[in-house]
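The structure under discussion is supplied below as structure tokens; questions concerning it will follow.
The values are calculated or read from the model by the stated rules, or taken from the named source; none is laboratory data. None of the values given here were measured: they were computed from a predicted structure. Here the Cβ is made from the backbone with ideal geometry for all residues, glycine too, and neighbour counts use every protein chain on show.
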Amino acid sequence: MPGKFYITTPLYYVNASPHIGHSYTTIAADTLARYMRNKAGEDNVWFLTGTDEHGQKIEKAAEAAQLTPKDFADEVVLKFIGLWKKLNISYNDFIRTTEDRHIQVVSRALEILYKKGDIYEDKYEGWYCTPCETFWIDAQVIDQACPDCKRKVERISETNYFFRLAKYQDWLRGYINSHPDFVNPESRKEEVLRFLELNKLNDLCISRPKERLKWGIPLPFAPAHVTYVWFDALLNYISAVGYFDENNKYRSKWWPAQLHLMAKDILRQHAVYWPIMLYALGIDLPEKIFAHGWWMLKEEKISKSRGNVINPLDIVNKYGLDAYRYFLLRDVPFGLDGNFSEEAVIKRYNSDLANDLGNLVYRTLTMVEKYFDGNVPHVEGEEINYDPRGEDIIKRIEGRDSIFQKEVRKGLEEYNFSYSLGEIWSLINMANKYVEETKPWNLAKENKGDELKAFIIVLVKVIRQVAGELKPFMPDTSSAIINQLGSQKIEKGAPLFPRLLPQC
């Protein structure tokens with residue numbers, strides 16, 4: 001479909017409630033989806049998110065909660081859906097790996113690969129990490145600890161089914177080298193290439209015997225085995241938007257995805273397993289994979305396993321939704337790790353939102369009330385005589401493809417949210433400085449009506465531009481500004497971001 005944009009988050013694992021890391025990826029995806037809808041049209045954008053509900057961790061968590069795995073998953077899924085509603089996430093589809101549409105595609109994919117000879121039965125003996133649901137060879141395990149999560153692994157010997165990853169290693173390395181934009185940012189691409197150059201891929205164990213794990217999709221050719229959770233979950237990106245026809249050809253109007261968005265800790269699954277799976281199935285690869293950084297708390301990754309999770313609802317309830325969205329997207333360049341603290345949120349709130357944006361909107365509308373009876377001034381049939389500072393601002397924002405719009409959109413096209421927001425705040429600060437330098441109260445005292453009118457017109461134009469460009473990032477704030485400005489008569493409300501008092 002020409003001009004379409006299909007964007008995905010990873011499927012979030014339902015062994016516990018959602019946290020800040022989940023919200024970060026999803027807010028970033030939501031921002032891009034909103035931007036692309038404005039650019040390409042509502043009907044040309046598809047935004048997918050969802051939940052990963054199979055595997056040993058879910059089975060154990062359900063057992064601890066004295067629930068069936070499905071009932072346990074249903075409860076946690078409601079928390080994700082509730083959070084996305086609270087965070088104003090505009091997804092088009094929410095897929096669960098327990099849905100029939102997903103199970104059917106997974107089963108067909110397994111059958112295709114098995115008949116092709118890319119899945120085979122073999123005996124596995126080695127180390128297994130239950131929290132990561134990953135097998136490790138002897139060389140990778142030190143002191144019986146998982147190389148990834150550092151928790152204790154167990155020794156396992158069992159018959160399983162394997163997918164021939166190793167067969168496609170050279171192809172994948174060549175593909176990434178010949179498609180430099182496939183893995184993003186550049187540091188992640190180099191990380192994947194180094195891994196492929198320094199390591200020989202092991203074939204991927206894609207099953208677990210039912211005697212050890214019942215909670216999963218049965219292999220169609222071996223019903224005593226269920227599908228490995230990662231092999232199952234990755235297929236959601238195609239199961240949500242298409243199907244296999246009678247000739248085993250995958251059909252979809254949305255595939256390939258333009259962007260898979262995720263945190264860097266699941267890069268290998270997306271940049272190694274997933275492209276090989278697709279290639280073996282004869283399906284086009286996604287255009288881009290982007291793995292962003294982590295949020296850290298006192299230099300330690302925020303995660304469920306470390307027990308230092310931050311509940312997004314706590315921050316939103318304290319500081320407001322758009323303040324939370326703004327902080328996550330502005331404070332750290334997308335792709336890098338960042339340190340989270342409430343002190344940093346408060347600083348951004350008071351400085352950027354209260355002092356800069358909120359102050360500009362409130363005092364501009366107050367001047368419209370005071371000097372023009374609440375009517376936005378305009379000049380008909382004649383050219384407006386702006387002063388030099390006002391002229392500079394107008395030149396920056398005037399026109400459909402103004403310098404301002406180009407710079408904001410450049411950041412969005414490059415997934416550099418902090419750059420785009422920096423450009424918006426540069427204009428806000430320019431306008432605030434314009435107020436201080438012009439001293440409009442003196443223009444009013446001196447009865448310089450035309451100059452005052454031109455001055456207010458500049459500020460109103462700036463605020464309208466800011467509101468428009470903030471829409472993908474802070475949709476509620478954008479709407480609030482537009483509503484207060486009105487079409488001609490303003491409807492000034494309370495300050496958008498009342499300044500926060502220091503906490504004792």
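Which residue pairs have Cβ atoms closer than 6 Å, lie 6 or more positions apart in sequence or on different chains, and pair a first residue in segment 356-367 that is assigned by TED's automatic domain parsing to the domain that holds VAL460 with a second residue that is surrounded by fewer than 18 Cβ atoms within 10 Å (Cβ to Cβ)?
Close Cβ pairs (under 6 Å, with a partner that is surrounded by fewer than 18 Cβ atoms within 10 Å (Cβ to Cβ)) amount to GLY358/PRO495; TYR362/PRO495; LEU365/LYS492.
Just to be sure I understand, how many residues within segment 460-504 are of a type in the set (A, V, I, L, M, F, W, C), farther than 14 Å from ASN375 by Cα and in contact (Cβ under 8 Å) with a residue 60 or more places away in the chain? Let's see the steps before the verdict.
Of the residues in segment 460-504, the ones of a type in the set (A, V, I, L, M, F, W, C) are 460, 462-463, 466-467, 470, 473-474, 480-482, 485, 490, 494, 496-497, 500-501, 504.
Filter again for farther than 14 Å from ASN375 by Cα, leaving 462-463, 466-467, 470, 473-474, 480-482, 494, 496-497, 500-501, 504.
Next, from what is left, pick out any that are in contact (Cβ under 8 Å) with a residue 60 or more places away in the chain: 462-463, 466, 473-474, 481, 496-497, 500.
Residues that pass the stated criteria total 9.
Right, another one. Within segment 335-354, track down each residue that is touching a residue at least 40 places away in the same chain (Cβ under 8 Å), buried (at least 17 other Cβ atoms within 10 Å of the Cβ) and more than 20 Å from SER17 (Cβ to Cβ).
Those that are touching a residue at least 40 places away in the same chain (Cβ under 8 Å), buried (at least 17 other Cβ atoms within 10 Å of the Cβ) and more than 20 Å from SER17 (Cβ to Cβ): GLY335, GLY338, ILE346, TYR349, ASN350, ASP352, LEU353, ALA354.
Which residues, taken from segment 204-224, are over 21 Å from THR130 (Cβ atoms) and part of a loop (DSSP other than H, G, I, E, B)?
Those that are over 21 Å from THR130 (Cβ atoms) and part of a loop (DSSP other than H, G, I, E, B): PRO220, PHE221.
Right, another one. Going through GLU197, GLU154 one at a time, which residue ends up being over 20 Å from TYR120 (Cα atoms), touching a Cys at 6+ places or on another chain (Cβ under 9 Å) and assigned by TED's automatic domain parsing to the domain that holds TYR273?
Only one candidate qualifies: GLU154.
Considering only segment 227-241, I want to know if a residue exists there that is at pLDDT below 95, touching a strand residue (DSSP E or B) at 6+ places or on another chain (Cβ under 8 Å), in a loop (DSSP other than H, G, I, E, B) and more than 17 Å from VAL105 (Cα to Cα).
Taking every residue of segment 227-241 in turn, none turns out to be at pLDDT below 95, touching a strand residue (DSSP E or B) at 6+ places or on another chain (Cβ under 8 Å), in a loop (DSSP other than H, G, I, E, B) and more than 17 Å from VAL105 (Cα to Cα).
Return the residues of segment 95-111 that are surrounded by 17 or more Cβ atoms within 10 Å (Cβ to Cβ) and over 11 Å from SER239 (Cβ atoms); say none if nothing qualifies.
Correct list: THR98, LEU110.
Out of LEU267, LEU285, LEU259, LEU281, which single residue is aliphatic (A, V, I, L, M), out of contact with any strand residue (DSSP E or B) (no Cβ under 8 Å at 6 or more places or on another chain) and either outside the structural domain of LEU11 (by TED's automatic domain parsing) or at pLDDT 95 or above (or both)? Steps first, please.
On the way: LEU267 fails: out of contact with any strand residue (DSSP E or B) (no Cβ under 8 Å at 6 or more places or on another chain); LEU259 fails: out of contact with any strand residue (DSSP E or B) (no Cβ under 8 Å at 6 or more places or on another chain); LEU281 fails: out of contact with any strand residue (DSSP E or B) (no Cβ under 8 Å at 6 or more places or on another chain).
On inspection, the qualifying residue turns out to be LEU285.
Regarding GLU383, is this residue in a helix (DSSP H, G or I), of a type in the set (D, E, K, R), without any contact (Cβ under 8 Å) to a residue 40 or more places away in the chain and surrounded by fewer than 18 Cβ atoms within 10 Å (Cβ to Cβ)?
For GLU383, the condition - in a helix (DSSP H, G or I), of a type in the set (D, E, K, R), without any contact (Cβ under 8 Å) to a residue 40 or more places away in the chain and surrounded by fewer than 18 Cβ atoms within 10 Å (Cβ to Cβ) - is not met.
Something else about it: Of all residues in segment 126-168, count the ones that are at pLDDT 85 or above, assigned to a loop (DSSP other than H, G, I, E, B) and closer than 30 Å to GLY282 by Cβ.
Summing the residues that are at pLDDT 85 or above, assigned to a loop (DSSP other than H, G, I, E, B) and closer than 30 Å to GLY282 by Cβ in segment 126-168 gives 2.
This table checks each residue for (1) of a type in the set (S, T, N, Q); (2) within 30 Å of LEU336 (Cβ to Cβ); (3) surrounded by 15 or more Cβ atoms within 10 Å (Cβ to Cβ).
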position	(1), (2), (3)
ARG151	no, yes, no
SER157	yes, no, no
GLN169	yes, yes, yes
SER178	yes, yes, no
PRO185	no, yes, yes
LEU193	no, yes, yes
CYS205	no, no, yes
ALA224	no, no, no
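Another question about this same structure. From ARG101, ARG96, ARG108, which residue is of a type in the set (Lys, Arg), at pLDDT 90 or above, closer than 26 Å to TYR12 by Cβ and touching a Leu at 6+ places or on another chain (Cβ under 9 Å)?
Just one listed residue meets the conditions, ARG96.
Might you let me know whether segment 93-113 holds any residue that is touching a Phe, Trp or Tyr at 6+ places or on another chain (Cβ under 8 Å), over 30 Å from LEU204 (Cα atoms) and either free of Cβ contacts under 8 Å to residues at least 24 places away in the same chain or not small (Gly, Ala, Ser) (or both)?
No, there is no match, as no residue in segment 93-113 is touching a Phe, Trp or Tyr at 6+ places or on another chain (Cβ under 8 Å), over 30 Å from LEU204 (Cα atoms) and either free of Cβ contacts under 8 Å to residues at least 24 places away in the same chain or not small (Gly, Ala, Ser) (or both).
Which residue pairs have Cβ atoms under 6 Å apart, sit 6 or more places apart or on different chains, and have a first residue in segment 28-39 that is in contact (Cβ under 8 Å) with a residue 24 or more places away in the chain and a second that is assigned to a helix (DSSP H, G or I)?
TYR35/LEU412
Working only within segment 386-399, note down all residues that are assigned to a helix (DSSP H, G or I) and not β-branched (Val, Ile, Thr).
Scanning segment 386-399 gives PRO388, ARG389, GLY390, GLU391, ASP392, LYS395, ARG396.
Any residue at all in segment 268-290 that's in contact with a Gly (Cβ under 7 Å, 6 or more places away or on another chain) and small (Gly, Ala, Ser)?
There is no residue in segment 268-290 that is in contact with a Gly (Cβ under 7 Å, 6 or more places away or on another chain) and small (Gly, Ala, Ser).
I need a count of the residues in segment 382-427 that are farther than 19 Å from VAL460 by Cα and small (Gly, Ala, Ser).
Qualifying residue count for the region: 4.
One residue is enough: does segment 199-206 have a residue meeting the conditions without any contact (Cβ under 8 Å) to a residue 12 or more places away in the chain and closer than 21 Å to ARG164 by Cβ?
Taking every residue of segment 199-206 in turn, at least one turns out to be without any contact (Cβ under 8 Å) to a residue 12 or more places away in the chain and closer than 21 Å to ARG164 by Cβ.
Still on this structure, please answer the following. Which residues, counting only those in segment 117-132, are more than 16 Å from ARG155 (Cβ to Cβ) and either surrounded by fewer than 16 Cβ atoms within 10 Å (Cβ to Cβ) or touching a Gly at 6+ places or on another chain (Cβ under 7 Å) (or both)?
Listed by number, the residues that qualify are GLY117, TYR120, GLU121, ASP122.
Yes or no: segment 327-336 includes at least one residue that is outside the structural domain of SER478 (by TED's automatic domain parsing), in contact with a Pro (Cβ under 8 Å, 6 or more places away or on another chain) and of a type in the set (Phe, Trp, Tyr).
Within segment 327-336, the first condition is being outside the structural domain of SER478 (by TED's automatic domain parsing), and the residues that meet it are 327-336.
Retained after the next criterion (residues that are in contact with a Pro (Cβ under 8 Å, 6 or more places away or on another chain)): 335.
Next, from what is left, pick out any that are of a type in the set (Phe, Trp, Tyr): none.
Checked against the condition, which is being outside the structural domain of SER478 (by TED's automatic domain parsing), in contact with a Pro (Cβ under 8 Å, 6 or more places away or on another chain) and of a type in the set (Phe, Trp, Tyr), segment 327-336 yields no hits at all.
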